[in-house]
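Have a look at the structure below, then the notes.
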Amino acid sequence: MSSDVSITRGDTDTLSGYERVVSFLREQLLSGQLKTGDCLLPERELSARLNVSRPMLREALRALAMIGAVEIRHGVGTIVKRPDVSTLGEFFSFVLAQQADVIDDIMEARIAIEHHAVRLACRRATQPDLDRIADALKLIAETIHHVEAGGAADFCFHEAIVRAAHSPTLVSIYGSLSALMMRSHLDRREQIMRIEGIDEFLIDHHRLIFSAIVDRDVPKADDLLTRHFEIGAEFRRRATMLETAHRMGERRGAASPAVPSNDPNARTHP
């Protein structure tokens, strides 16, 4: 590693010791002065140059090691690693799960990712990619009346499209949100399964999207995906209205119990 250590951003007295270490590592990687496999300066020298105590430095490096940014090798030093982006999944799950209306927010992110992914998939999908999407489509038809299995098949279909985009960044971001998106799939699936016409929509519309990808028709695939989410939202709106009407009916029934027919005071109707 270069001996020219500096913090080019956030180099202020307001930064904590941990923030100084993280900022240093980030800037050194972005500038190219540090690369995967490089060994950081010895602890004593690095703590002096970053103006942090050695205990604080050790704590910061341990935290970075936990997310896979570095590896601490006893007797060797601290080695820069390429983090496994899949570990972001648990982080996002814990952070986002504590926010209100997280599912709606995740849905918006999912739509943005899938729109770009389907455009790329039309251009980049290989035969194995198309086979994977076709298998997921077949599974959707086979599990159409099962909430959990059907929701999983639906998710696999959309995930296969993202993978067919051959964009490591899109795949990583999508994968990091997969646990929350799967929950969204199952919740929404359970909600809309009682609506008439949902079976045809789930099978036929996924098939149309797949055909557009096979035909390499970017505008059509993108438009179909837009309609797919719009129609899905309409089914959920109708399901919500149905549930609301059902609850109101139950409340009215509870407030006005039926009078037994053998009650002498029962009202009669012509």
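The values are calculated or read from the model by the stated rules, or taken from the named source; none is laboratory data. Predicted model, so just to flag it, every value in this text is computed and none were measured. When we count neighbours, we look across all protein chains shown, and the Cβ atoms used for this are built from the backbone with ideal geometry, even at glycine. Quick note on the areas: whole protein, heavy atoms, side chains included, nothing else; ligands and nucleic acids left out. Shrake-Rupley method; radii C 1.70, N 1.55, O 1.52, S 1.80 Å.
Do you know which of the residues in the range 92-109 that are open to solvent by 50 Å² or more (accessible area, probe 1.4 Å) and part of a helix (DSSP H, G or I) is modelled with the highest pLDDT? Give the derivation first.
If we filter the range 92-109 for residues that are open to solvent by 50 Å² or more (accessible area, probe 1.4 Å), which is where we start, we get 92, 94-95, 97-101, 104-105, 108.
Okay, now just the ones that are also part of a helix (DSSP H, G or I), so 92, 94-95, 104-105, 108.
Details: 92: 62, 94: 64, 95: 62, 104: 75, 105: 77, 108: 87.
Only one residue tops the list, namely 108.
From the set of residues in the range 51-81 that are loosely packed, with under 14 Cβ neighbours inside 10 Å and either small (Gly, Ala, Ser) or outside the structural domain of residue 40 (by the TED database) (or both), which is modelled with the highest pLDDT?
Among them, the one singled out is 53.
Helices (runs of 4 or more DSSP H) wholly in the range 110-211 with at least 2 residues that are open to solvent by less than 20 Å² (accessible area, probe 1.4 Å) and over 26 Å from residue 239 (Cα atoms) - which ones?
Values: elements: 127-142, 147-164, 168-176, 178-192.
Ranges flagged: 127-142, 147-164, 168-176.
May I ask you to verify whether residue 229 is in contact (Cβ under 8 Å) with a residue 60 or more places away in the chain and either under 26 Å from residue 105 (Cβ atoms) or charged (D, E, K, R) (or both)? Steps first, please.
Working: in contact (Cβ under 8 Å) with a residue 60 or more places away in the chain: yes; either under 26 Å from residue 105 (Cβ atoms) or charged (D, E, K, R) (or both): yes.
Answer is yes for this residue.
Can you find even one residue in the range 203-225 that is closer than 27 Å to residue 104 by Cβ and at pLDDT below 90?
Checked the range 203-225: no residue is closer than 27 Å to residue 104 by Cβ and at pLDDT below 90.
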